[in-house]
Amino acid sequence: MTAMIEARHLTKQVATSEGQLIILNDISLRIEAAEAVAIVGVSGSGKSTLLGLMAGLDSASAGDMFLDGQNLSTMDEEERAQLRGRSVGFVFQSFQLLPSLTALENVMLPIELKNDKDARRKAASLLQRVGLESRLQHYPNQLSGGEQQRVAIARAFASEAKILFADEPTGNLDAATGAKVIDLLFSLNAEFGTTLVLVTHDDRLAQRCGRLVRLVAGEITEDSAVETSGVENGTAGEASTAGDAAHV
Amino acid sequence: MSDYSPATTASPVTLMRVALRLLWRDWRGGELRLLLLAMVMAVTSVSGIALFTDRLERALLQESATMLAADRVLSGRQMPPREWLDEATQRGLMTAEVQAFASMVFSDQANLLVAAKAVSEAYPLRGELRVADQPFGAAYADNAGPARGEVWVESRVLPSLGLEMGDTLYLGDGEFVVSRVLVQEPDRQQGGMMDNAGPRVLMNLDDVPSTNVIQPGSRVTYRYLFAGELAELDVYADWVREQSAGDFRLRDVRDESQEVSDALARGESFLLLGSLFAVLLAGIAIALTARRYSERHFDYAAILKTLGCTSNQISAIYFGILLSLLLIAVVVGSVLGWLVHEGILLLLQSVIPIALPEASFTPFWLGALTAFICLFAFAMPPLLALKHTSPLRVLRKDLADAPLSTSLPYIFGIAGALVLILWYSQDVLISIILVGSVAGVALVLSAMSYLLLRTGSAAGMRAGSAWMLAMSAVRRRRRQSVLQVLVFSLTIMSLLTLALLRTDLINDWQAQLPEDTPNHFMMNISSNQIAGMQSFLQENEVDTNPFYPMVAAGLLTVNGAPAPHPWDNDDDASGRTTMTERAGAEQPDDAASGSDTGESERPQRVENRQVTWTAQLPPDNEVVAGNWWGEDNRPGLVSVERDYAERIGVTLGDELVFRVNEQEITAVVDNMRTVRWDNMQPNFFFIFSPGTLDHLGATYLSTLLLQGEEKLLLNDLLRQFPTIVVLEVDALIEQIQSIIAQVSSAIELIAALVLVAGALVLLSCVNATLDERFRENAILRTLGAGRKLIMTSLLIEFAFIGLLAGVIATLGAELSLYYLQSEVFQQTFSLHYWVWIAGPLAGTVIIAALGFAATRKVVSSSPLSVLRQLSA
Ligand SMILES: Nc1ncnc2c1ncn2[C@@H]1O[C@H](COP(=O)(O)OP(=O)(O)OP(=O)(O)O)[C@@H](O)[C@H]1O
Ligand SMILES: [Mg+2]
């Protein structure tokens, strides 16, 4: 069976004033459907870059990237955008809500973009699911960081994506709020059976994923199964362990 | 696994819905208000100005048409074919017929030479006849014209002939009852001295045959008058030209009155320039605000892309936003434009006494089209750059404005501006001048800013003193600063140019026809009458003006070679006629007056000009080459008007031979003059030194200012000096003054409108850099910089930019004024010294005040809230 996400000898380098800078070097990685993978590493190690490549937000300098069975390297930005619309959801460190739209409208957006007439109802029920049913008409700047991130999570699941990419989703939140947001993320993830790729440098957060990939200076130095501490994602952990063994 | 149907991608309807929602929400956030305001401004100024000029121009043409008593006139010494009148009637034009001739009229006691004028029923087609029931009585309008067997006469005819109202007057074989006193006829000035020598007697055209005064060889001026739709008139004019193989031409008021046509042409050029500036300024405002809007929307575009929007869908969304804005702007702007023009008309009620013709729909199209062009040239490029936003931006904020750094927006903007300028002016000259001065400003600016800002590109934020802080801010935002200075200087330049042009035009007009402009010409005065007339006028407390000797002279040779005909290379065969000649000689005919057999015997066409001699340089004349001869003159010198000299290729020291009263006179060109042609005063192409022509039997010419009751003196004057001819130009002067007053008011208002557009640009330009200032100052304050320090530094920064802009703007304004005045407005340019102080000063003060007011928020809000807002 094809993997949900597969990177083959992925390399990313950029031209800087001091010459070519290699950000990612020969990354190969395979992630199966419904797996939850944490990507960890120190700041500047290339985590966000890898996430961007996997999600098709950027294109690699060399190597192939498969997402949901499609080769991103052969697609242009338009096709990648359509693929993102169909298959990918995002949660970002800085929330990335559209400030001029209300919480409800933010969540409706991906549903509407799929021409779904039922956007309003679906968005409202998702917001209810994340506990914000009373804040539908509020604008992002009227919400706290945790609330904004919950809206972002609702939006990520609104598109009924198969894969969810999260880049430091708790980076801008305090520990307690962060934990709540993470609980929510994982429970929704389990509920929807989504494949989750989570970038973090918080080891405790990484522990909740079934698998951990460590980046050091653009190279994978560790790819291992994790003793999961979460109850909800036990199955995902097992699946990833299996896939892991086969892959590495 | 790619089992997705294409239906899952967003439909146009969905995209439009998203666009409308973003539009609505952004509106709520105030984001779009400036952009919309700028677009509304563009539409308002264009449609408002266009509506106003559209109606005013037609009104002015209509009013000045009264000077002809028609929209178009065909005239000749011979009667044009009658079928032409029928043809015009068939084409739906109104027609009337006039015959003018000099004739003696008799009463039982006396006789008098009068200017008789016979008119058909329909006369006058434009304007009105004003009559009274008693000599010098109260006037009222009566357009019916004299019935058969009746005549209307000017007041002074009655005392001259010893007649009362209702008495009988004889003209040729005809007998007429004097039924009305004629006070005013619209086309009194038409025809030359022959037609207007003496008081008017107006009669019915059908009575002319019975008088038997018109015999083969008598001098009659035939005029056909036409009025109707302008388009139809033009078609008919072409038809007449074809029919007559160019011998006849339909003339309109512009052919008849140089003064009016000059005023109209300048007024139109100014209004045009005004609306052009208004649109360009609005365009700049649109570009700036659209740029700011799109900068804020890079994040939106990136997020939308992560949500699966393709580049094209993003373009579609922002296109939808722009289109909706365009729609709103066109509707709101058109309504406002209508209100503005109504407001202008309301303000001008006192100067525009006539009912304006209905406006056409064109101005609205013009407004909408302008908004459309502005949108595409100025707003579209930055917004379309959004589609190139990398979705990676959601992960890495520093992938900032890369898409905008391309030159595309500038190219679009410049191209759009060029299209607008050309389209509006329809005039390559104005376009070149405008584009040239803008390019000049940009060039000077780049050089200056390069020099001024070159130092310390690495300068950090040295928070030591406000001055240092300000200067380092200017340098840090070097690109932005240069752009700001550019925008500010263009804005101030436009305003200065318009303001100065306006002042110069209005001053010029006031100098042209001041309140005390003499409004009567006295001609055919013999030298021994001068003393008597002077004492008569002094007794009656009327100011006297110089008496100019006048004689007709034809230029035969220049340095021995036959003189070239001055207007040979000109389409307008009549060329420039001096007021003197217009008063003294016949008007040029449309039909080649072949009956003047005396002319055809000569081997060459010799143009007769009325010339004079004097020791004093007449007022409004200026010597531009050589020296005026003054009192210690010698005979045999001539002073030539400069442009005329150029046309006939004459320079200082040339020997000219003239024929004056069948004698040949030689004179050497001693100096050249410029003349104010539009001042309605005696002006001469050639002035001789005293002693050159004195023996050749000149008559004298002088002018008088007679107002109201004083006009009655004319009767006594003419009784005492029956041989002189008086030409009354008071009505004409009044008409021109009123037209000029209207055009002046229009100019004032347009200048004000452009001022508003300018203010808008300044505001949006300051606003454009607000975000960055917010961020920077919040950081500075968290670093401990005091409020006062930051405020002072902001003030200095803006004042510096304003000063720079003011200097460059002054330079640019003077430069473009130089070209505009000398090439387009036919004025003489002189430096405006005070502007060199006022321009930079105004720049400094206005920009500092505006910038300071706009950025005061920066310091008054807490650093935390600023940082929070900005990082979201
Ligand atoms: N377009 C680019 N141009 C230059 N350098 C880049 C570019 N993209 C990434 N880098 C560099 O590559 C390295 C990796 O960046 P990346 O954002 O992936 O790190 P990260 O692991 O996500 O760090 P953090 O934990 O701080 O978010 C950094 O040193 C970054 O400066
Ligand atoms: Mg990162």
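The values are calculated or read from the model by the stated rules, or taken from the named source; none is laboratory data. Quick caveat: nothing in here was measured; it's all calculated off a predicted structure. Using ideal geometry, Cβ is built from the backbone for each residue, glycine included, and neighbour counts are taken over all protein chains shown.
Laid out as a table, the results:
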quantity	calculated
Within region B:120-233, helices (runs of 4 or more DSSP H) holding 2 or more residues that are over 22 Å from residue B:76 (Cα atoms)	B:157-161
Which numbered condition residue A:42 misses (of (1) within 13 Å of ligand 1 (Cβ to nearest atom); (2) part of a loop (DSSP other than H, G, I, E, B); (3) within 14 Å of another protein chain (Cβ to nearest Cβ))	(3)
Only one of B:820, B:780, B:760, B:841 that is modelled with pLDDT of 85 or more, part of a helix (DSSP H, G or I) and not assigned by TED's automatic domain parsing to the domain that holds residue B:265	B:841
Qualifying residue in region A:80-87 (condition: under 17 Å from residue B:390 (Cβ atoms) and within 16 Å of ligand 1 (Cβ to nearest atom))	no
Residues being within 16 Å of ligand 2 (Cβ to nearest atom) and within 17 Å of residue A:160 (Cα to Cα) - total across region A:90-118	2
Hits in region B:650-666 - residues which are free of Cβ contacts under 8 Å to residues at least 40 places away in the same chain and over 40 Å from the mean Cα position of the chain (by Cα)	B:662, B:663, B:666
Lone unmet requirement of (1) buried (at least 20 other Cβ atoms within 10 Å of the Cβ); (2) part of a loop (DSSP other than H, G, I, E, B); (3) more than 8 Å from chain B (Cβ to nearest Cβ); (4) within 16 Å of ligand 2 (Cβ to nearest atom) for residue A:172	(1)
Search result, residues across region A:14-24 that are more than 8 Å from ligand 1 (Cβ to nearest atom) and of a type outside the set (A, V, I, L, M, F, W, C)	A:17, A:18, A:19, A:20
Yes/no for residue A:100 being among the hydroxyl-bearing types (Ser, Thr, Tyr), outside any loop (DSSP other than H, G, I, E, B) and either free of Cβ contacts under 8 Å to residues at least 60 places away in the same chain or farther than 19 Å from residue A:192 by Cβ (or both)	no
Verdict on residue B:670 being more than 30 Å from residue B:138 (Cβ to Cβ), within 40 Å of the chain's Cα centre (by Cα) and in a strand (DSSP E or B)	yes
Residue match in region A:39-46 (condition: surrounded by fewer than 24 Cβ atoms within 10 Å (Cβ to Cβ), in contact with a helix residue (DSSP H, G or I) (Cβ under 8 Å, 6 or more places away or on another chain) and over 24 Å from residue A:221 (Cα atoms))	no
Of all residues making up region A:47-79, the number that are within 16 Å of ligand 1 (Cβ to nearest atom), of a type outside the set (D, E, K, R) and part of a helix (DSSP H, G or I)	7
Some residue of region A:3-15 being within 12 Å of chain B (Cβ to nearest Cβ), crowded, with 21+ Cβ neighbours inside 10 Å and within 15 Å of ligand 2 (Cβ to nearest atom)	yes
Filter result for the condition that a residue is in contact with a Leu (Cβ under 7 Å, 6 or more places away or on another chain), within 16 Å of ligand 1 (Cβ to nearest atom) and at pLDDT 85 or above, over A:166, A:158	A:166
From B:3, B:26, residue being modelled with pLDDT under 85, more than 9 Å from chain A (Cβ to nearest Cβ) and surrounded by fewer than 24 Cβ atoms within 10 Å (Cβ to Cβ)	B:3
Flag for residue A:27 being buried (at least 18 other Cβ atoms within 10 Å of the Cβ), touching a residue at least 40 places away in the same chain (Cβ under 8 Å), within 15 Å of ligand 1 (Cβ to nearest atom) and away from chain B (no Cβ under 14 Å)	yes
Sole exception among (1) under 22 Å from residue B:759 (Cα atoms); (2) more than 14 Å from chain A (Cβ to nearest Cβ); (3) modelled with pLDDT under 85 for residue B:342, by number	(1)
Conditions (1) within 16 Å of ligand 2 (Cβ to nearest atom); (2) over 18 Å from residue B:310 (Cβ atoms): number failed by residue A:55	(2)
Qualifying residues in region A:73-90 (those that are crowded, with 24+ Cβ neighbours inside 10 Å and aliphatic (A, V, I, L, M)) - the one farthest from the other protein chains (Cβ to nearest Cβ)	A:88
